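Below is one structure, written out as structure tokens, with a few remarks after it.
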Amino acid sequence: MTATNLVSKVIVEFLRTKTPEVLCISGNWGVGKTYLWNKILTEQLKDGNSGYNDHAYVSLFGCNSLEKLKLAIFENSEFLNGSDANPVVNVISDGSKSFLSSIQKSRNAAAEAPIIGAWIKAGSGLFFASVRNRIVCIDDFERRGENLRIIDVLGLASFLKEQRNCKVVLILNDERLSPDDKKNFEKHLEKVVDKKISFDPSLDDCHKIVFDNDGYLEKTLSELSKKLGIKNIRVLKKIKHFGSMLDNSVCATHEEIRYAALHSLCLFSWIELQPSIAPPIELVFKNRHPDHIEIMETLSSEEPSEKPDSNKLYDEILRDYGLTYIDELDEEILAGVKNGYFNHEKICKIVERDHSILKSKKLKDEFANAWRLFHDSYKNNLDEIVSRLTETTLNILDNISFRDLDSSIILLKSLKAEDEVKQIITRFKANRVGSYDYWYNANNEGYNVKDSDLKALMITNANESDNKPTPLDILLGQNEEYISEISAKALNELSVDKLKSLLIQLEGDKLRTAKQRLLFASTISNPKPHEKKLTETTIQALKEIGQENLINKVRIKYHHGIDVDIKT
């Protein structure tokens, strides 16, 4: 039987009789002591299983005098049908309960009126005289005001039991009493309290109170909070509240991002709401954020909370919880927890970006797995390889590198999958309507495309681009260190006369640059066909320049070792 079941049984037995007695329920803050009491009381009253129907609930939080406590008990009494009032007290005769109920509701307002207020204050003892034969719950014992003594509260509880035939329940966290108060409380406890029970519910019991929905959000929040050992019901309710707000921004995204957001939310809520037992936020950021030193300086400027000197224990908690890195989304979630609201617009932008990155990564992983089917097996699975490789290649066409695309096409062609290759190239051409720079850079990304169809597509698209460089731009090297195959193709389409006219209009550094680039193939041992052709065209243009006049004849001979005759 769980702690909740055991304590529930004691409360039920307490409520079912009219025997005057005092029950003390102790337990840590937030574990649901008051919730459990109210739940069982409501159920017993509804089912008619309570010895008394009339009942009162008061909190000692900030209550500074015994007189105020007595009035609070009267003010918070529930006058219900079927009450067993003591006929000895004349003020509680037939019809007087409705009168007292009216006084109860209007006392605070009426007390402000000079004459009526004086009458009501003088009649406080009369009001308290109505408190008998009922259930009285006194909560937050350890939070009473400084001027209200423990012995006074316990004395009143004893009076209600002995003289007013009441059943009294005291709810408190005795671990939060000061040493002197605790000693005083324990000294008088045995004389006043008939039953004292400690309520230490399990994690599951606490979470059942808060998370009563089997949906993804509440189920995830509960699982994550359990990992951190959070039992405080007020903290769990706050986590549920924050989770509902945050989920409006992340629920439509990828499941991993949604989970990561809720994962961070639970941790940051715990740190914010229970700083005395949770890891310090500066420790959470340490070595988990790229700017952790700067952030730690900011955080450390805040007033430090009391914490056990046990960073090793905190590190174990964070490691077991699975916190490895703090990113921009985490920063926004932390800010939302501190502020009490979330910047929906900013979070949505971050989530949208992260979703795109994660989606791209997953598609690339699937592409890599398709290649694993080819590399890591000798099974006769040709159809599966063709199908998976085609599908995954098509899925990443927006982000695929030319190296990977070239490899896929070459492999599919070797597997006789011509239709699939055609589909890929057609889709790629439609999806990648890029500028000249795109096609040029793609062909010069450190990998020369080998498949002839793909290479032809790249060259054609580069030359058909609206922003392709002019021949003069290519000569001057404004977009590349060496003349690429795409650029060489554009220059090789020029006539000798056109190339000659371009060279004649250049002077100084520009002329030297153009000649070095055009004649690059003559300086290497194994030039490529396009480089060789461009050099041949350039030499022919230089010869014709040298044939025009004496000075150019000498220049061409001097610089290039080419001997030509001047045309007459």
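Looking only at the range 325-348, residues that are outside any helix (DSSP H, G or I), more than 14 Å from G243 (Cα to Cα) and open to solvent by less than 70 Å² (accessible area, probe 1.4 Å) come to 2 in all. Listed by first and then second residue, the pairs with beta-carbon distance under 6 Å, at least 6 apart or on different chains, first residue in the range 198-210 and of a type outside the set (K, R), second assigned to a strand (DSSP E or B), are S198/S26; F199/I25.
Selection of the range 7-33 for residues being touching a residue at least 12 places away in the same chain (Cβ under 8 Å), within 14 Å of S198 (Cα to Cα) and open to solvent by 80 Å² or more (accessible area, probe 1.4 Å) yields N28, W29. I want to confirm something. Restricting to the range 479-514 and keeping residues that are among the hydroxyl-bearing types (S, T, Y) and in contact with a helix residue (DSSP H, G or I) (Cβ under 7 Å, 6 or more places away or on another chain), which single residue is surrounded by the most Cβ atoms within 10 Å (Cβ to Cβ)? Step by step, filter the range 479-514, then rank; the result is S487.
In summary, Q423 fulfils each of the numbered conditions (1) of a type outside the set (F, W, Y); (2) at pLDDT 80 or above; (3) outside any helix (DSSP H, G or I); (4) within 21 Å of L411 (Cβ to Cβ) with the single exception of condition (3). Among the residues of the range 241-290, those identified as touching a residue at least 24 places away in the same chain (Cβ under 8 Å), farther than 20 Å from H207 by Cβ, open to solvent by 10 Å² or more (accessible area, probe 1.4 Å) and more than 13 Å from the chain's Cα centre (by Cα) are P275, S276, P280, I281, L283, R288, H289.
Determine, yes or no, whether L45 is of a type in the set (A, V, I, L, M, F, W, C), surrounded by fewer than 20 Cβ atoms within 10 Å (Cβ to Cβ), more than 38 Å from the chain's Cα centre (by Cα) and more than 18 Å from S130 (Cα to Cα). So L45 passes the test. Taking the range 133-170 as the range and being among the hydroxyl-bearing types (S, T, Y) and in contact with a Cys (Cβ under 7 Å, 6 or more places away or on another chain) as the test, no residue passes.
Give the range 382-403 a look and list any residue that's open to solvent by 50 Å² or more (accessible area, probe 1.4 Å), in a helix (DSSP H, G or I) and modelled with pLDDT under 95, or say none. Those that are open to solvent by 50 Å² or more (accessible area, probe 1.4 Å), in a helix (DSSP H, G or I) and modelled with pLDDT under 95: N395, R403. Out of curiosity, is R517 open to solvent by less than 60 Å² (accessible area, probe 1.4 Å) and of a type in the set (D, E, K, R)? So R517 fits the description; yes. Can you spot a residue in the range 42-50 that is closer than 27 Å to E175 by Cα and of a type outside the set (D, E, K, R)? No, the range 42-50 has no match at all.
Listed here are the residues, each with its yes/no results for (1) more than 26 Å from the chain's Cα centre (by Cα); (2) part of a loop (DSSP other than H, G, I, E, B).
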position	(1), (2)
E316	no, no
V351	no, no
A370	yes, no
N380	yes, yes
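The values are calculated or read from the model by the stated rules, or taken from the named source; none is laboratory data. Note that the structure is a prediction, hence the values are computed from the model and not measured. Note: ideal-geometry Cβ built from the backbone for every residue, glycine included; neighbour counts use all protein chains shown. Accessible surface is based on the protein model in full, side chains and every heavy atom, while ligands, DNA and RNA are left aside. Shrake-Rupley method; radii C 1.70, N 1.55, O 1.52, S 1.80 Å.
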